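Inspection log for the structure reproduced underneath, given as structure tokens.
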Amino acid sequence: MNAPIGVIDSGVGGLTVVRELRKYLPNEPIIYIGDDARCPYGPRPSEEVFQFTMDMVKSLANMGIKMLVIACNTATAIALEEVRRQFDFPVIGVIQPGARAAVKTSLTGEIAVLGTLGTINSKAYDQAIHLLQPDATVHSLACPEFVPIVERGEYRSPAARATVDQTLQPLHASSFDTVILGCTHYPLLQEHIEEHFHQQKQIISSAVETVVDVERILHDQNKLSIVAEEPIFYTTGSIEKFKSIVEDWLHISRPDVRTITF
Ligand code: DGL
């Protein structure tokens, strides 16, 4: 069935999930909405994140999507259950897949979670990890400086590396072998994060595991697409900035990026 998969994020972070979708399910049409104009969601009150998430989901519902990926940890933590209740297409978030991948990977059961203030305060990862492994130890750290760097497209800069080094300092007192990038923007900083830990930690981004869930659901519902199409991207922010990150991160030349307002 050639209806698109809807993907949402507060900005460009969900492109890290789109990259894996395109790799493993190249025939799936994708419609993406990034709410860059109102990014970051992380420091906002839950009611606001919920409302902004619903704005994006309603628009995608009107465009006729066959399933929705909430490719934003903050929105997943706050809105996943309610979105599932209100819409009749399948909806998946990124927290459960990320927790599952980390528990599978960690040998010591000691896991660090990096996320936005909203995600860390929600304790959604602690709950998801403990459901899978009740005796796991979780060290959580909010990294509020990371998302603005990525949204500005400065993730390759030396300043980004310095911010990563400074932000991750508090984790040095803890022992863990696995780190969850609990924000979809963070894989764009992954090289810096890996270098910070001297390549000694397993780094988990939920994107790959999320795509495993997408594939299973579409397969079970007999809704996998067979004809390849290029994705359509909508942003509430700057088309030029969004385009340059799509070109850099997804290697799509002249991507179809459009404006959306709510
Ligand atoms: N990419 C988002 C996440 O996964 C949100 C970042 C933000 O808007 O603060 O949490």
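Bear in mind that the values in this text are calculations on the coordinates, not laboratory data. This structure is a prediction, so every number in the text was calculated from the model and none was measured. With ideal geometry, Cβ positions are generated from the backbone for all residues, glycine too; neighbour counts draw on all protein chains shown.
A few points about this structure:
- Crossing angle, helix 15-24 versus the chain [Cα axis fit, 0-90 degrees, rounded to tens]: 70 degrees
- For the chain, the longest principal axis of the alpha carbon atoms and the long axis of helix 46-62 meet at an angle near 30°.
- Here r is the Cβ-Cβ distance between Leu25 and Gln200 and R0 is 41 Å; the resulting FRET efficiency, rounded to 0.05, is 0.80.
- Mean Cβ neighbour count within 10 Å, used as a protection proxy, ranking 225-238, 143-156 highest first: 143-156, 225-238
- Each Lys and Arg adds +1 at its Cβ and each Asp and Glu adds -1 at its Cβ; summed about the Cα centre, segment 81-145 shows a dipole of about 140 debye.
- Note on the chain: Lys pairs 8 or more places apart or on different chains, Cα atoms under 26 Å apart, count 15.
- As an equivalent ellipsoid, the chain spans semi-axes of 27, 21, 17 angstrom, where each value is the square root of five times an eigenvalue of the C-alpha gyration tensor, largest first.
- Net charge of Cβ neighbours under 10 Å - reference Ile8; Lys, Arg +1; Asp, Glu -1: -3
- Antiparallel bridges, percent of DSSP beta bridges restricted to the chain (to nearest 5): 0 percent
- Relative contact order computed over segment 37-122 (Cα-Cα under 8 Å; 6+ residues apart), in percent: 36 percent
- Per-residue ³J(HN,Hα) for segment 150-156, Karplus 6.51 cos²θ - 1.76 cosθ + 1.60, θ = phi - 60°, Hz, x for Gly and Pro: 5, 4, 6, x, 9, 5, 9
- Rounded, prolate or oblate (a/c below 1.5 giving rounded, otherwise prolate when a/b exceeds b/c) for segment 1-68 by Cα gyration tensor: oblate
- Positive-pole candidate from Ala99, Ser175, Ala159, dipole of the chain, charges at beta carbon: Ala99
- With Cα atoms, 0 to 90° folded angle of helix 239-250 axis to the chain main axis: 70 degrees
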